[in-house]
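Bear in mind these aren't lab numbers, they're just calculated from the coordinates by the rules spelled out. Fair warning: this is a prediction, and the values are worked out from it, not measured in the lab. No Cβ is skipped: glycine too gets one built from the backbone with ideal geometry, and neighbour counts run over all protein chains shown.
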């Protein structure tokens, strides 16, 4: 249950951080307006709280592992919302990052 909760929190963190950055991008670069930017700022603020719910008490470990989730999640976001098509190097890099997440967070420690 703890691993499942941790993964769910990482997914939520990715949605809030990547989503927030995307909303700001849309508001500024795509000229969609200040409401998009405001929504992005709120989402990024929510992201700041999500990591505090992780079961592991080590801030550095949580943020280091989340970096791998961010990489893979950003590529997935681009595919789903922006029509981005990753090449094999993008996919391979994301796989390496997710392997790093698994090692950092879920390998049993003695």
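Taking label positions 7 Å along the Cα-Cβ direction at both residue 76 and residue 88, the computed distance is 2.4 nm, reported to one decimal. In the chain, the calculated helix contribution to ellipticity at 222 nm averages -28000 deg cm²/dmol per residue, counting -39,500 (n - 2.57) for every DSSP H run with n ≥ 4.
How much length, in nm to one decimal, is gained on full extension between residue 52 and residue 109, taken as 0.36 nm per residue of separation minus their Cα-Cα distance?
On the way: separation 57, 0.36 × 57 = 20.52 nm, distance 2.12 nm.
Once the chain is fully extended between residue 52 and residue 109, it gains 18.4 nm.
Shape analysis of the stretch 2-106 based on the Cα gyration tensor places the equivalent ellipsoid semi-axes at 25, 19, 9 Å, largest first.
Model label points for residue 99 and residue 1, set 7 angstrom from Cα along the Cα-to-Cβ axis, are 3.3 nm apart.
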